[in-house]
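J.: Below is a structure I'd like to ask you about.
The values are calculated or read from the model by the stated rules, or taken from the named source; none is laboratory data. What you see is a predicted model; the values in this text were computed from it and never measured. Ideal geometry is used to build each Cβ from the backbone, glycine not excepted, and the neighbour counts take in all protein chains shown. All accessible areas refer to the heavy atoms of the entire protein, side chains included, with ligands and DNA or RNA removed. Shrake-Rupley method; radii C 1.70, N 1.55, O 1.52, S 1.80 Å.
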Amino acid sequence: MKPRRPHPKVRRQSPNRPIEFLIESIDPMGQGVAKIDSKPCFIAKTLPGEQGSATITRASKGVLFARMDSLSSTAENRIAPACEHFEQCSGCHFLHTDYESELTYKRNALADHLKRLSVETPDIRVAPAEQRLGYRNRMQLHYRHKYLGMIDPVTDAVLEIPHCQVIDERLRETFDSLYQDKSWTENHQGQGHCELYLTDDGVSVQWDQPYAHGGFTQVNRAMNEVLRETVRAQLDDLEVGTLLDLFSGEGNLSDLILPEHPGIERVMVDYAPERAKLKEELSFIHLDLFSDTALRAFKARTEHTRFDVLLVDPPRKGFAHLTQWVKAYRPKKLIYVSCSAPTMVRDLQLLGGDYRIEQVNLIDLFPGTYHYETLVTITFK
């Protein structure tokens, strides 16, 4: 038997190692990207062209992550953040640069995602936010014992953010009271989360409930109206008789379409246990769209064999069954609204190439962060 040759030792990148960096680009998550030991190193709160020192916090699958310590050279588009928590808080990603630069980084990120498609894509139309701060009407905060705020991804500790600048001022009084009066710790010990959000009756506070408990609403009301109007405008040149609205919620995205197309038949589909027993709601079908049997169940509950328009607004994980629904109902037009461009592109790739992208819209519902909403309008050949 031949003696076994010893495997060469793999040199591991130890956390807490200091490094010097030069930022070459921005990644889709708003992190600066440098090359360290020929590996990409992601450093939040930095901008292209900046140099400085950082500390490696994690090494994973050939990439490094580091936290900036100081800058020796700053980018021309760096500005002083409007929020005092920005440098440590994980909630915002772009407050250290001007808004025009933020939109450029987002447009470039979306364009890079769309390159994976096999069809030609038109120029991206960008809808800027009406305001960069004070827009968020829903906020989820984490607590650990008496501390309440955002989770630090490096230390896994809670960073308190009593002077957060992105929340809607109508939440401010309730938000402030959670920091000024810690009596909530009597009933909420250990760790968990609370969610503040605006309702028609005021501010609601829910503890340790699933996200969007009580019904999902967009966090930016003003930009949600821009999104709704953009959806409506996609049908200006089309005679629409039937519309299938998947992941419809209460019809947020399709409501504006109805007055423009009198007599249209709209069918809304979403997972809504609280509405499952309301049989009189013939235009709403309670269904788990991620179930492998969802399409079959839908066919058994509708007489429609074709829809003129398919409107899809899935959660972040996308809608892997999209192709099945398109083949089943052969829409003239597909409007795909997404809060995650990578999963949207994955779903569109599965359609094949027998379609044309009419329009791509980037709607900035989440200024200050790397998140944005994408609306892609498709017609089929």
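J.: What do you get for trypsin sites (Lys or Arg not before Pro) in segment 9-78 restricted to DSSP loop and a cutoff of at most 14 other Cβ within 10 Å of the site's Cβ?
T.: On the way: sites: Lys9, Arg11, Arg12, Lys35, Lys45, Arg58, Lys61, Arg67, Arg78; in loops: Lys9, Arg11, Arg12, Lys45, Lys61.
Taking segment 9-78 and a limit of 14 other Cβ atoms within 10 Å, the loop trypsin sites (Lys or Arg not before Pro) found are Lys9, Arg11, Arg12, Lys61.
J.: If I take the Cα coordinates of segment 285-346 and project them onto the principal axes, what are the three extents in Å, biggest first?
T.: Answer, in whole Å and largest first: 33, 25, 17 Å.
J.: Rounded to a whole number of µm²/s, how large is the Stokes-Einstein D of the chain at 25 °C and 0.890 mPa s, given Rh as the Kirkwood radius over C-alpha pairs? All intermediate terms of the calculation are to be shown ahead of the outcome.
T.: Working: Rh = 23.4 Å.
Estimated via Stokes-Einstein, D reaches 105 µm²/s.
J.: Of the heavy-atom accessible surface of the chain (probe 1.4 angstrom), what whole percent is carbon and sulfur? Walk me through the numbers on the way to the answer.
T.: Values: 9850 of 20030 Å².
Of the solvent-accessible surface of the chain, carbon and sulfur hold 49 percent.
J.: Right, next: What figure, in Å² to the nearest 10, do you get for the accessible area of Cys89 with a 1.4 Å probe and non-protein molecules left out?
T.: So the heavy atoms of Cys89 present about 20 Å² to solvent.
J.: If you don't mind, there's one more thing I want to ask. Mean projection of the alpha-carbon convex hull of segment 110-170 over all orientations, in nm²? Could the numbers behind the result be given before it?
T.: Numbers: hull surface 28.8 nm².
Taking the Cα atoms of segment 110-170, their convex hull projects to 7.2 nm² on average.
J.: Rounded to the nearest whole Å², what accessible area per residue is found for the chain with the 1.4 Å probe? Write out the running numbers ahead of the final one.
T.: On the way: 20030 Å² over 381 residues.
Value returned for the chain: 53 Å² of accessible area per residue.
J.: According to the square roots a ≥ b ≥ c of the eigenvalues of the Cα gyration tensor, what is the shape class of segment 243-381, taking rounded for a/c under 1.5, prolate for a/b larger than b/c otherwise, and oblate for the remainder? Numbers along the way, then the final one.
T.: Details: a/c = 1.44, a/b = 1.30, b/c = 1.11.
Rounded, because the longest to shortest axis ratio a/c is under 1.5.
J.: Still on this structure: Starting with the highest mean, order 167-173, 23-29 by the number of other Cβ atoms within 10 Å, averaged over the residues of each peptide.
T.: Details: 167-173: 14.9, 23-29: 16.4.
The most tightly packed comes first, giving 23-29, 167-173.
J.: I've got another one for you. Could you sort 288-301, 357-370 so that the peptide with the highest average Cβ count within 10 Å comes first and the rest follow in order? The partial results should precede the final answer.
T.: On the way: 288-301: 13.9, 357-370: 20.9.
Packing proxy ranking, top to bottom: 357-370, 288-301.
J.: Now for a different question. Is the shape of segment 181-321 rounded, prolate or oblate, going by the alpha carbon gyration tensor and its root eigenvalues a ≥ b ≥ c, with a/c under 1.5 for rounded and a/b larger than b/c for prolate? Present the calculation step by step, with values, prior to reporting the outcome.
T.: Numbers: a/c = 2.50, a/b = 1.69, b/c = 1.48.
Prolate, since a/c reaches 1.5 and a/b exceeds b/c.
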